[in-house]
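Can you read through this structure? Questions will come right after.
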């Protein structure tokens with residue numbers, strides 16, 4: 001039985017892309033007979049997957065609102081905990097290690113720790129999920145056996161930053177087919193005071209990097225005036241101290257519902273008149289994929305080549321609130337749903353592409 005270690009800052013519970021992607025990947029690998037060890041954050045959630053061991057050693061990263069002092073101390077402690085990784089890996093002796101690229105997004109000792117692990121002979125693959133990895137850090141990725149890029153823009157970013165093209169493998173994000181329990185959805189909307197209320201929906205981190213300031217401006221300055229019955233519903237952790245954003249979250253017809261688990265997010269998506277993501281820094285955004293899988297009306301973020309190829313009319317390229325508002329109203333009035341080939345992301349297809357990349361055979 002092949003042994004694979006996955007090192008990721010987030011594995012489950014937070015509703016983020018990694019918290020959906022990795023359990024899905026692990027489940028499909030385990031069904032292939034692979035024995036997995038996940039090294040990630042501490043969690044109260046019981047991780048129960050056949051052939052899978054979970055080691056929660058990092059501080060919880062995703063489950064709290066932004067607090068600069070606490071977050072800085074937690075990140076410092078996390079760097080110290082990286083020093084445990086070589087000993088853990090030596091004990092497991094895996095054939096393959098998969099590493100989430102976000103460990104390279106911020107300064108720290110992780111690159112040096114991974115150099116030590118790779119020097120011991122372990123085969124390592126870097127799994128690049130977004131374009132936020134700094135150019136100077138991409139040089140460290142050349143030491144990995146291979147790199148996985150989750151979208152074409154990530155693929156191009158790595159090449160533009162100097163990573164050898166032959167090292168990079170483009171593998172779409174796995175996305176299973178989705179459905180929503182309508183009875184539970186109705187109860188959630190009732191609990192949130194949204195039953196029979198038309199709303200547009202954003203799910204994700206509440207911070208400037210995700211362009212939520214643009215979304216809030218477009219809605220409060222232009223959309224609300226033309227469609228006064230419409231509500232903007234936002235779900236996710238607040239990861240900003242920007243007072244403009246904080247103030248706009250309290251505006252009339254803006255409903256911030258806090259962080260929601262994945263089931264609740266999907267229910268809110270399915271009930272929305274429009275699901276929207278304006279973030280310019282996405283690899284392949286999980287929230288947009290899920291909305292497409294649910295066949296919801298959507299407006300999609302810029303800089304994702306796959307979206308531009310298959311549904312360009314639904315991509316928001318403007319950074320002007322008035323133009324964004326016009327596009328929101330246009331899609332709301334038409335009720336159009338883009339035709340995106342979501343089947344390209346079905347796990348049974350994607351897992352075969354992983355098999356071709358892995359340096360160890362799957363049963």
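Bear in mind these aren't lab numbers, they're just calculated from the coordinates by the rules spelled out. The structure displayed is predicted, hence computed values, not measured ones. For neighbour counting, all protein chains shown are included, and Cβ atoms are generated from backbone atoms with ideal geometry for every residue, glycine included.
Just check region 165-210 against the gyration tensor rule for me: Cα atoms, a ≥ b ≥ c as the square roots of the eigenvalues, rounded for a/c under 1.5, and otherwise prolate or oblate depending on whether a/b exceeds b/c.
It comes out oblate by the Cα gyration axes.
With a cut-off of 8 Å between alpha carbons and a minimum separation of six or more residues, what is the relative contact order of the chain in percent?
Relative CO of the chain lands at 17 percent.
Something else: With angles folded into 0 to 90 degrees, how steeply does helix 182-191 sit against the dominant principal axis of the chain? Use alpha carbons for both and round to 10.
70
Can you give the angle from 0 to 90° between the axis of helix 321-334 and the longest principal axis of the chain, with both taken from C-alpha atoms, to the nearest 10?
80
Right, here's the next one. For region 262-361, what class follows from the C-alpha gyration tensor (a ≥ b ≥ c being the square roots of its eigenvalues): rounded when a/c is under 1.5, otherwise prolate if a/b is larger than b/c, else oblate?
Judged from the Cα gyration tensor, region 262-361 comes out prolate (a/c at least 1.5, a/b above b/c).
Which semi-axes, in whole Å and largest first, does the equivalent ellipsoid of region 1-142 have when worked out from the alpha carbon gyration tensor as the square roots of 5 times its eigenvalues?
22, 19, 14
Could you tell me the center-to-center distance, by alpha carbons, between region 302-316 and region 183-246 in angstrom?
If you average the Cα positions of each part, the centres end up 22 Å apart.
Between 175, 320, 243, find the one with the highest GNM mean-square fluctuation for the chain; connect C-alpha pairs within less than 10 Å.
243
Given axes a ≥ b ≥ c from the Cα gyration tensor, I'd like to know whether region 91-148 is rounded (a/c under 1.5), prolate (a/b larger than b/c) or oblate.
Prolate is the answer for region 91-148, as a/c is 1.5 or above and a/b outweighs b/c.
Got the relative contact order for region 182-343 handy, in percent, Cα pairs under 8 Å and 6 or more residues apart?
Normalised by residue count, the contact order of region 182-343 is 25 percent.
Sticking with this structure for a sec: Add -39500 (n - 2.57) for each DSSP H run of 4 or more in the chain, then divide by its residues: what number comes out at 222 nm, to the nearest 500 deg cm²/dmol?
-11000 deg cm²/dmol
Which angle from 0 to 90°, rounded to the nearest 10, does the C-alpha axis of helix 262-271 make with the longest principal axis of the chain?
30
Give me the distance in nm between label points sitting 7 Å out from Cα along the Cα-to-Cβ direction at residue 160 and residue 183, one decimal.
5.0
Separate question: How much length is gained if the chain between residue 348 and residue 70 is pulled fully straight, taking 0.36 nm per residue apart and subtracting their Cα-Cα distance, in nm to one decimal?
Net length gain for the segment: 96.0 nm.
For the ranges 127-140, 158-171, 295-308, 274-287, what's the packing order if you count other beta-carbon atoms within 10 Å of each residue, average per peptide, and put the highest first?
For the peptides 127-140, 158-171, 295-308, 274-287, the packing ranking is 274-287, 295-308, 127-140, 158-171.
At a threshold of 8 angstrom on Cα-Cα distance, excluding pairs fewer than six apart, so keeping six or more, what relative contact order does region 227-293 reach in percent?
Relative contact order, region 227-293: 29 percent.
Okay, next question. Based solely on C-alpha atoms, express the radius of gyration and the Dmax of region 182-343 in angstrom.
That works out to 14.5, 41 Å for Rg and Dmax.
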